[in-house]
Amino acid sequence: MSKNRELLSKIGLRLDGRRADELRRIRCKLGVFTEPDGSAYLEQGLTKILAAVYGPHQVRGNRSKAQHDAAVVNCQFSMAVFSTGERKRRPRGDRKSTEISIHLRQALTAAIKTELYPWSQIDVYVEVLHADGGIYPACVNAATLALIDAGIPLKEYVCACTASLANNDVPMLDISHQEEIIGGPTLTVAALPMSGKIVLMEMSQRFHVDHLQKVLEKALQGCRDIKHILDEAVKSHIQDVGSSTGWANTT
Amino acid sequence: MFTTKSFIKKNKVGNYLKHVREHYIRDDIACGLQECESCFPVESFLSPDHENKCALFEFNHYIILDTNVILDQMDILEESILGNVIILHTVLKEVKHRSLPMYKRLYNIIDNPSRHFYVFINDHHKGTYLQQKEAELVNDYNDRCIRAACSWYINHAPKCRFIFLTDDSANRAKALQENIQSLSVSDYITNLNNNSSLTDKLSRKDYHAKDAAKDVFPNHLTNVELLTGIREGRLLQGTFRASRDNFLEGFVSVDSYEDQIIVQGRAGLNRAVDGDTVALELFREDDWVCPSDIVLEDEGVEDENVDDVISKENELKRETKKKRGAKPTGRVVGIIRRKWRQYCGILQGGIDGVYQLFVPADKSIPKIRVETRQAEFLRTQKLIVTIDSWPKHSRYPHGHFVRALGKIGDQSTENEVILLEHDVPHSQFSEEVLACLPKMPWIITDDDVTKRVDLRHLDICSVDPPGCTDIDDALHCRPIDPEKLEVGVHIADVSHFIRPGTPLDREAASRATTVYLVNNRIDMVPELLSSNLCSLRGGEERFAFSCIWEMDHNANILNVRFHKSIIKSRKAMTYEEAQLIIDDKTKQDSVAESLRNLNKLAKIMKQRRLANGALVLASPEVKIQMDSETMEPLDVEVKKLFETNSMIEEFMLQANISVAEKILEVFPDCAMLRRHPVPPSLNFDPLVKAGRHLGFEIKVDSGKNLAKSLDEAIKKDNPYLNTMFRILATRCMLQAVYFASGAFQKEDYYHYGLAVPLYTHFTSPIRRYADIIVHRLLAVICGSDATYPDLLDKKKTTDLCQNLNYRNRMAQYAGRASIAFNTHLFFKGKLQDEEGYVLYVRKNALQILIPRYGLECTLFLARKGETSNIFEYNEEDQTQKAGDVVLHAFDPVVVRLTLDSNNIQHEKFVLQLVKPVVDNFSVPGIDQTDDNDKKRKSPEPDKKKRKKKKH
Ligand SMILES: [Zn+2]
């Protein structure tokens, strides 16, 4: 069935009605929990993520991990049993979630000013409530918000986005689960959009070298678009928090 | 930029997984009307200048179509009369889902600016999107969406008028209620001002006969009943194949059954047409029957009368009931998916009035009832007709006339029929394609010279069949030291001219192969390339892709290299010329020497190949000599083979093998290779049986043993017996196919016929697209070209292979059909005695092979449905005995050959036995001195445009 399906119809719309360069709808909220130091909820299309940040605090458990010049970033990724169509118990620490955890740490470490907190640790917990493609980027985006909510100093936003090729020709942004199944290779990029630094890049399959550049540019464009959306969310959050405490009126 | 309203669509698939998908509703979708000022301007072919002139309306209007109109009335839509048509996305999706061919045809119209079609994406438009109601059927939902879009247009553009066309009367009624002007297509078309050509093409789906008419067929179950039946296992789903010989019998292949399931009679077949996917009910085992071996033809002339069918059904029942060995039997209870296409054929004569019977050339398709006002003219023509519907009260399916191909019996008409029936793309190359050709005069630049190895100094020559204009290979051979020879195979560098992704490339990929008909060649690439720039003609400088080996005198390959080159062939020879040069010992020039060396090496290589278990197969290939002026066949003869044929073949095989090894090494995932699967042992049954009856044991457990047993199957008194075995063996084989290396396991790469682990096609890029891909891969390896994405994509390559395999098969069938037609033409009005051999012994007939014409015909020993009182059939030994004459398989016979032209669509040969003499059966031979035979001394063959295939 997937064979006859084009990812991008001749009229230029994708299966869900988006155009090639459009993100899915992103909705997010900071400070959804009181217990952790920072938290955020993020929806990217139907992919729904909860992120919580604890720390910085003293290195717990194995003390030898502690670094004298920087904080240790510890990431834990997990998926809820009800997060996919099929209900399935997903033990923590299986191969896939370990991999995503490591990738998360790589992206976040690049953005956090870890040098400010030697001998300490920052814990980031991300849980997928619903998976509909692009899980890793959504986790990065949610974690960024949670870090901001926790007040941890960042160099800048770290955002991630996927991109792929429609009909082997047109680059398209923010791949949904349906498109992942039908389509070809997917490129995942996590970047610091303001400085344009790429902190993580992954391909699900090989791209032809002729295509890689334009797909990469598309993914970076996606990261910049996401940064704007997150930025708006942060501003309105601060306004909300501020107005309830009377900040907004004092300025 | 985009609206952020998201909707959720739920659907349940398979084991009740909940699928939730996003559905974005947008506010940036335009109506496409030029007059509109409120929408965002987009490219739209809708034009206020186009006029739809329908007598029912005194105003110009836009047309909105329902799905059923597109599915059923495509032949009307393809006529460029209707314009300013709005296609809703809902409709487009439904068409795509229901019929991909229709979708493609529709898109051809949409893409044509002069047709003024526009696609409106109603399902993502915020004004026309509707949510599916709880428990609402998809069809109803779609109809509702379509009507909502119509209403939206009416409100959106009050100055414009819109007409909604649908053949679904329920939908039409609802539309009218909602104040949408709505009509059926036939009402609309018959009131068009310029409708003359259109009415014949109207689909007859809504045709209602007198309700009193008796049902000829049982009801079909509804879709829901079919699906539940299949899910619960009460019904089976399979593909229906009609018998070619018996219009009341067919077979359904069901995945879970090894045997095909028999369906018989009107009630059993129940309006299934060859190729349809049907639902089937299996009978209890006591009701099973045997497949019939009688021939029943539908001789009906008058429409709804079924008496003759009933009598034939009874005959069939008598025939199949009694015997043992019954096979699973069932009846068709419903059609899951129709595979109707367009059919070539003629009108059945002797019917008056507007209703005519169309007789398809394909015997597995039933006659079709059509309505036409030009029957008189159409009776002289070959036609294309398509089926629209098959109501249960009608003995024949209803269809409509699509177009006429030309006068019956004309060469050009018959060629057209052959091409159409085999789905061979044969239109002229488009301007777009021709624009990709190099500009003439074509010259070799200095730049070309630096990029290629200059081999113009070598004595290269080509050897091909006479009259060949698309020469794609040339060879050379020279000693480089006393122990070593350098052998080069130089292949036309077609991929230099055909760049990936260009219209020329896409066209060639779609055509896949050049198709050879007897007096016509359908080129894969335009003639400038095939017969000029790529053709390695004698004395001209050409680009080539060279494969060069160093060999010792025992034909062992010491090393191989590949590179692009410039060559200048010294001479383009025929096989015969090359043979003469080799044999003429007085010739001592370098071309003669290299030919002799090549020949010597080739013999060793062939020996070695055969020792490894390569099969020598035989199928009588014939060549038809045409009169170049009248284009009538002059003679039919078996192709002559020289030693040089085999010499060229050996080196081509070796080049292909060497290239296959190279490309697989570098591209393990996406190399285009060719495999020949090992046939299942069941396939060999006829061969093994034939061997046993004649006292030979044919071992089929491995290719090597098969080759060996075939070599040993020799009988002194019948020199042709061995060839007969080989012909039979050929028929046991499967087709060799192209594949992407990543799609198969390594052990499946094997080429059974050649007994080599790896094979591909490299040597004929002018006439095969696979070779172009292989050239591109190899060019990347040599560093003379770059890759492109599709080349390295396993999936794309696999898809491409599928098309290549399909086209190749069809090209082969088309070539055979063309030879058959011309053989018939040649025999028209002739009476001849010919030598033949018994191929199979059947209950009431002998299958005779006549090698001289490559013909296989049936010699009936008794009339249809009767048993002979002269011949005695022995099923055990597979013999027919009459008095003291015993006929075995492979026995030589002499038969008299005439052509029976009673049925112009299916002319067939009638055989009569001449030798051995059987009293009261055989006929006396025609006097051998009859000068009929000597008169047709063959003149020089037509040298214009013909090329015989090589291996
Ligand atoms: Zn508008």
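The values are calculated or read from the model by the stated rules, or taken from the named source; none is laboratory data. Please read all numbers here as calculations on a predicted model, not as lab measurements. With ideal geometry, Cβ positions are generated from the backbone for all residues, glycine too; neighbour counts draw on all protein chains shown. The accessibility values were calculated without ligands, DNA or RNA, using every heavy atom of the protein model including side chains. Shrake-Rupley method; radii C 1.70, N 1.55, O 1.52, S 1.80 Å.
For the range B:67-84, indicate whether the set of residues that are closer than 30 Å to A:Gln44 by Cα and of a type in the set (Val, Ile, Thr) is non-empty.
No, there is no match, as no residue in the range B:67-84 is closer than 30 Å to A:Gln44 by Cα and of a type in the set (Val, Ile, Thr).
Is it fair to say B:Ile121 is out of contact with any Asp or Glu (no Cβ under 7 Å at 6 or more places or on another chain), of a type in the set (A, V, I, L, M, F, W, C), within 14 Å of chain A (Cβ to nearest Cβ) and farther than 28 Å from B:Asp388 by Cα?
When the stated conditions are applied, B:Ile121 passes them.
What tally of residues in the range B:768-800 results from selecting those that are buried (at least 21 other Cβ atoms within 10 Å of the Cβ), away from chain A (no Cβ under 14 Å) and not aliphatic (A, V, I, L, M)?
Here the count works out to 4.
Restricting the search to the range B:856-868, which residues are modelled with pLDDT of 75 or more and open to solvent by 20 Å² or more (accessible area, probe 1.4 Å)?
B:Glu856, B:Thr858, B:Phe860
For every residue, the table says whether it meets (1) part of a loop (DSSP other than H, G, I, E, B); (2) within 14 Å of chain B (Cβ to nearest Cβ); (3) among the aliphatic types (A, V, I, L, M); (4) under 27 Å from B:His19 (Cβ atoms).
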{"position": "A:Pro171", "(1), (2), (3), (4)": "no, yes, no, yes"}
{"position": "A:Thr188", "(1), (2), (3), (4)": "no, no, no, yes"}
{"position": "A:Glu202", "(1), (2), (3), (4)": "no, no, no, yes"}
{"position": "A:Gln213", "(1), (2), (3), (4)": "no, yes, no, no"}
{"position": "A:Ala219", "(1), (2), (3), (4)": "no, no, yes, yes"}
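In the range B:322-371, which residue that is buried (at least 16 other Cβ atoms within 10 Å of the Cβ) and of a type in the set (Ser, Thr, Tyr) is nearest to B:Lys201 (Cα to Cα)?
By that ranking, first place goes to B:Tyr343.
Out of all the residues in the range B:55-74, is one or more out of contact with any helix residue (DSSP H, G or I) (no Cβ under 6 Å at 6 or more places or on another chain), within 16 Å of the ligand (Cβ to nearest atom) and over 22 Å from B:Asn179 (Cβ atoms)?
Among the residues of the range B:55-74, not one is out of contact with any helix residue (DSSP H, G or I) (no Cβ under 6 Å at 6 or more places or on another chain), within 16 Å of the ligand (Cβ to nearest atom) and over 22 Å from B:Asn179 (Cβ atoms), which makes the answer no.
Taking the range B:144-196 on its own, how many of its residues are part of a helix (DSSP H, G or I), farther than 19 Å from B:Phe117 by Cα, open to solvent by 40 Å² or more (accessible area, probe 1.4 Å) and touching a residue at least 60 places away in the same chain (Cβ under 8 Å)?
Number of matching residues: 1.
Among the residues of the range B:763-801, which ones are hydrophobic (A, V, I, L, M, F, W, C), without any contact (Cβ under 8 Å) to a residue 40 or more places away in the chain and in a helix (DSSP H, G or I)?
Within the range B:763-801, no residue meets the criteria.
Is at least one residue of the range B:746-759 assigned to a helix (DSSP H, G or I) and of a type outside the set (Asp, Glu)?
Yes, the range B:746-759 has at least one match.
Please go through the range B:561-600 and give me each residue that is hydrophobic (A, V, I, L, M, F, W, C) and free of Cβ contacts under 8 Å to residues at least 40 places away in the same chain, ordered by number.
B:Leu580, B:Ile581, B:Ala592
Need a quick list: helices (runs of 4 or more DSSP H) entirely within the range B:62-117 having at least 1 residues that are of a type in the set (Lys, Arg).
The qualifying helices (runs of 4 or more DSSP H) are B:89-98, B:100-110.
Quick check on my filter: what residues within the range B:517-543 are of a type in the set (D, E, K, R) and assigned to a strand (DSSP E or B)?
Result: B:Arg521, B:Glu541, B:Arg542.
Please indicate, with yes or no, whether at least one residue in the range B:732-743 is in contact (Cβ under 8 Å) with a residue 12 or more places away in the chain, outside any helix (DSSP H, G or I) and of a type in the set (Ser, Thr, Tyr).
yes
Testing B:Ser80 on (1) more than 16 Å from the ligand (Cβ to nearest atom); (2) closer than 17 Å to A:Leu13 by Cβ; (3) open to solvent by 40 Å² or more (accessible area, probe 1.4 Å), one condition comes back false. Which one is that?
Here B:Ser80 clears every test but (2).
Yes or no, residue by residue, for (1) closer than 24 Å to B:Val417 by Cα; (2) surrounded by fewer than 20 Cβ atoms within 10 Å (Cβ to Cβ):
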position	(1), (2)
B:Thr879	no, yes
B:Val885	no, yes
B:Ala889	no, no
B:Val894	no, yes
B:Leu897	no, no
B:Asn903	yes, yes
B:Phe909	yes, no
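Take A:Ile102 and decide whether it is closer than 19 Å to A:Ala138 by Cβ and open to solvent by 20 Å² or more (accessible area, probe 1.4 Å).
Against the criterion (closer than 19 Å to A:Ala138 by Cβ and open to solvent by 20 Å² or more (accessible area, probe 1.4 Å)), A:Ile102 qualifies.
Just to be sure I understand the filter: pairs with C-beta atoms under 9 Å, separated by 6 or more residues or on different chains, first member in the range B:114-139 and assigned by TED's automatic domain parsing to the domain that holds B:Ile70 and under 18 Å from A:Gly17 (Cβ atoms), second member small (Gly, Ala, Ser) and part of a loop (DSSP other than H, G, I, E, B). Which pairs pass?
From residues that are assigned by TED's automatic domain parsing to the domain that holds B:Ile70 and under 18 Å from A:Gly17 (Cβ atoms), the pairs are B:Val119/A:Ser9; B:Val119/B:Gly32; B:Phe120/B:Ala30; B:Phe120/B:Gly32; B:Ile121/A:Ser9; B:Ile121/A:Gly17; B:Asp123/A:Gly17; B:His124/A:Gly17.
Residues that are assigned to a loop (DSSP other than H, G, I, E, B), within 14 Å of chain B (Cβ to nearest Cβ), open to solvent by 10 Å² or more (accessible area, probe 1.4 Å) and touching a strand residue (DSSP E or B) at 6+ places or on another chain (Cβ under 6 Å): does the range A:107-122 have at least one?
No, the range A:107-122 contains no residue that is assigned to a loop (DSSP other than H, G, I, E, B), within 14 Å of chain B (Cβ to nearest Cβ), open to solvent by 10 Å² or more (accessible area, probe 1.4 Å) and touching a strand residue (DSSP E or B) at 6+ places or on another chain (Cβ under 6 Å).
I'm told B:His563 meets every condition in (1) of a type outside the set (S, T, N, Q); (2) more than 38 Å from the chain's Cα centre (by Cα); (3) surrounded by fewer than 20 Cβ atoms within 10 Å (Cβ to Cβ) except one. Can you identify the failing condition by its number?
(2)
It is to be established whether one or more residues within the range A:221-228 are in contact with a Phe, Trp or Tyr (Cβ under 6 Å, 6 or more places away or on another chain) and assigned to a helix (DSSP H, G or I).
Checked the range A:221-228: at least one residue is in contact with a Phe, Trp or Tyr (Cβ under 6 Å, 6 or more places away or on another chain) and assigned to a helix (DSSP H, G or I).
Quick one: what pairs do we get from the range A:11-27, first residue without any contact (Cβ under 8 Å) to a residue 40 or more places away in the chain and more than 8 Å from chain B (Cβ to nearest Cβ), second part of a loop (DSSP other than H, G, I, E, B) and of a type outside the set (Phe, Trp, Tyr), C-beta under 8 Å, 6+ apart or different chains?
Taking only residues 6 or more apart or on different chains, the pairs are A:Gly12/A:Arg19; A:Gly12/A:Ala20.
What number of residues in the range A:144-188 are open to solvent by less than 20 Å² (accessible area, probe 1.4 Å) and free of Cβ contacts under 8 Å to residues at least 40 places away in the same chain?
So the answer is 2.
So in the range B:36-54, with the set limited to residues that are more than 18 Å from B:Asn122 (Cβ to Cβ) and within 13 Å of the ligand (Cβ to nearest atom), which one is nearest to the other protein chains (Cβ to nearest Cβ)?
Per the criteria, the residue is B:Pro41.
Conditions tested, residue by residue: (1) of a type in the set (D, E, K, R); (2) at pLDDT below 85; (3) open to solvent by 30 Å² or more (accessible area, probe 1.4 Å).
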{"site": "B:Ile648", "(1), (2), (3)": "no, no, no"}
{"site": "B:Ala660", "(1), (2), (3)": "no, no, no"}
{"site": "B:Pro668", "(1), (2), (3)": "no, no, yes"}
{"site": "B:Ala671", "(1), (2), (3)": "no, no, no"}
{"site": "B:Leu682", "(1), (2), (3)": "no, yes, yes"}
{"site": "B:Gly691", "(1), (2), (3)": "no, yes, no"}
{"site": "B:Pro719", "(1), (2), (3)": "no, yes, yes"}
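Pull out all pairs, ordered by first then second residue, where Cβ-Cβ is under 7 Å, the residues are six or more apart or on different chains, the first lies in the range B:690-710 and is on the phi < 0 side of the Ramachandran plot, and the second is open to solvent by 70 Å² or more (accessible area, probe 1.4 Å) and acidic (Asp, Glu).
Listed pairs, sorted by first residue: B:Gly691/B:Glu697; B:His693/B:Asp877; B:Ser709/B:Glu697.
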